[in-house]
Amino acid sequence: MHPRINGSTRIYGLIGTPLKSAKSPMLLNKLFAEAQADAVCIPLEVGTGGLVEFVRGMRAVNNLSGLLVTMPHKQSMLDLVDDLHPTSLQIGAINVIRCDKDGRWVGAVFDGLGCVLGMQRQGVTLLGKSVLLVGAGGAGRAIAFAVAAAGARSLIISDLDQHRAQDLAQCVAKQGSCAVHAGPADPTGHDIVINATPLGMNPDDPMPIDAENLIPTTVVVDIITRPEPTALLLEAQSRGCQTLDGQPMHVGQALLALSFLGFEDIERRYWSGL
């Protein structure tokens, strides 16, 4: 049970739309309760047209300590904060904002690092591996940088928008020694396949990759978080692949966000309790 909310409770919000299936408030409030932190996370449904007005109003709330940011505001929020963490400068998006006591809002993004952390905690290393990433949108962009930084040998980025995939590949290739290129959504020859597209959220969605080319040694990660496995994960499991759904990434990015917001003790407590 969450501690009683009082006048000193620190408030954190999740902003975006729609939020009906959002799991972050439930996860954060569970972690707050376990740590007996005087804090609460609440969903705040804000449409695209209301974002500027929302930010203007919320800057007057003195006990607002931070915001989690989801679609469709991850890029729009860049122009509405005061400072950008290096992650947001690199990726061009925000998924968490720390509201400092001096009134300054600092934006960061932990989608990619959270995905890598979640994989590592499930025993999946990226070091020296060949990776296929499908999807070069907001989440895919963050994951691409994080995968390369985690020591992947090569990274192929596939997207329906080939120009977007090529642009992302060129940006990531400048960051280090990982060989990064745009290419087809074909898992042949890859150690790890990551689906960072929305394909799989609905039952009639097409498969994001050519699953017939999966082999048992391939690890398949689908960042979609839903109660039942996606069609991609079911197909991969039937072929003997190790699979990960979106939950490890969700937990990983939430814990990194909490650390950024000043709750390093919650992150340590969580991992030490596993």
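Summary of values
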read-out: Considering residues of segment 72-106 that are among the β-branched types (Val, Ile, Thr) and at pLDDT below 95 only, the residue surrounded by the fewest Cβ atoms within 10 Å (Cβ to Cβ); value: THR87
read-out: Subset of segment 61-108 that is among the aliphatic types (A, V, I, L, M) and part of a loop (DSSP other than H, G, I, E, B) - its residue that is farthest from CYS171 (Cα to Cα); value: VAL61
read-out: Per-region count, segment 138-195, residues among the polar types (S, T, N, Q), more than 20 Å from ILE209 (Cβ to Cβ) and either at pLDDT below 95 or in contact with a helix residue (DSSP H, G or I) (Cβ under 8 Å, 6 or more places away or on another chain) (or both); value: 2
read-out: Selection count where residues are assigned to a loop (DSSP other than H, G, I, E, B) and free of Cβ contacts under 8 Å to residues at least 24 places away in the same chain, scope segment 205-224; value: 1
read-out: Answer residue from segment 235-271, given it is surrounded by 19 or more Cβ atoms within 10 Å (Cβ to Cβ) and of a type in the set (Gly, Ala, Ser) and is modelled with the highest pLDDT among those; value: ALA236
read-out: Evaluation of VAL221 against (1) modelled with pLDDT of 95 or more; (2) surrounded by 16 or more Cβ atoms within 10 Å (Cβ to Cβ); (3) more than 21 Å from THR87 (Cβ to Cβ); (4) of a type in the set (A, V, I, L, M) (one fails), failing number; value: (3)
read-out: Residue within segment 106-121 that is closer than 24 Å to SER24 by Cβ and touching an Asp or Glu at 6+ places or on another chain (Cβ under 9 Å) present; value: yes
read-out: Looking only at segment 23-34, and only at residues there that are among the hydrophobic types (A, V, I, L, M, F, W, C) and buried (at least 16 other Cβ atoms within 10 Å of the Cβ), the one that is nearest to GLY246 (Cα to Cα); value: LEU27
read-out: Scope segment 17-60; condition free of Cβ contacts under 8 Å to residues at least 60 places away in the same chain, among the acidic types (Asp, Glu) and either within 23 Å of ILE266 (Cβ to Cβ) or part of a helix (DSSP H, G or I) (or both); matching residues; value: ASP38, GLU53
read-out: Residue list for segment 34-46, filter: over 14 Å from TYR12 (Cα atoms) and out of contact with any helix residue (DSSP H, G or I) (no Cβ under 9 Å at 6 or more places or on another chain); value: GLN36
read-out: Filter pass, VAL69 being free of Cβ contacts under 8 Å to residues at least 40 places away in the same chain and among the β-branched types (Val, Ile, Thr); value: no
read-out: Among the residues listed as CYS41, CYS99, the single one being closer than 22 Å to GLN247 by Cα, outside the structural domain of LEU126 (by TED's automatic domain parsing) and of a type outside the set (A, V, I, L, M); value: CYS41
read-out: Residue match in segment 167-179 (condition: surrounded by 14 or more Cβ atoms within 10 Å (Cβ to Cβ), under 21 Å from the mean Cα position of the chain (by Cα) and over 20 Å from CYS115 (Cβ atoms)); value: yes
read-out: Subset of segment 115-166 that is within 21 Å of ALA257 (Cβ to Cβ) and of a type in the set (Lys, Arg) - its residue that is surrounded by the fewest Cβ atoms within 10 Å (Cβ to Cβ); value: ARG121
read-out: Matching option when the condition is assigned to a helix (DSSP H, G or I), of a type in the set (A, V, I, L, M), more than 16 Å from GLY252 (Cβ to Cβ) and not assigned by TED's automatic domain parsing to the domain that holds MET71, among ALA136, ALA152, ALA185, ALA165; value: ALA165
read-out: Residue in segment 225-239 that is under 20 Å from VAL96 (Cβ atoms), among the hydroxyl-bearing types (Ser, Thr, Tyr), part of a loop (DSSP other than H, G, I, E, B) and assigned by TED's automatic domain parsing to the domain that holds ALA142 present; value: yes
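The values are calculated or read from the model by the stated rules, or taken from the named source; none is laboratory data. Owing to the predicted nature of the structure, the values given are computational and were not obtained by experimental measurement. Ideal geometry is used to build each Cβ from the backbone, glycine not excepted, and the neighbour counts take in all protein chains shown.
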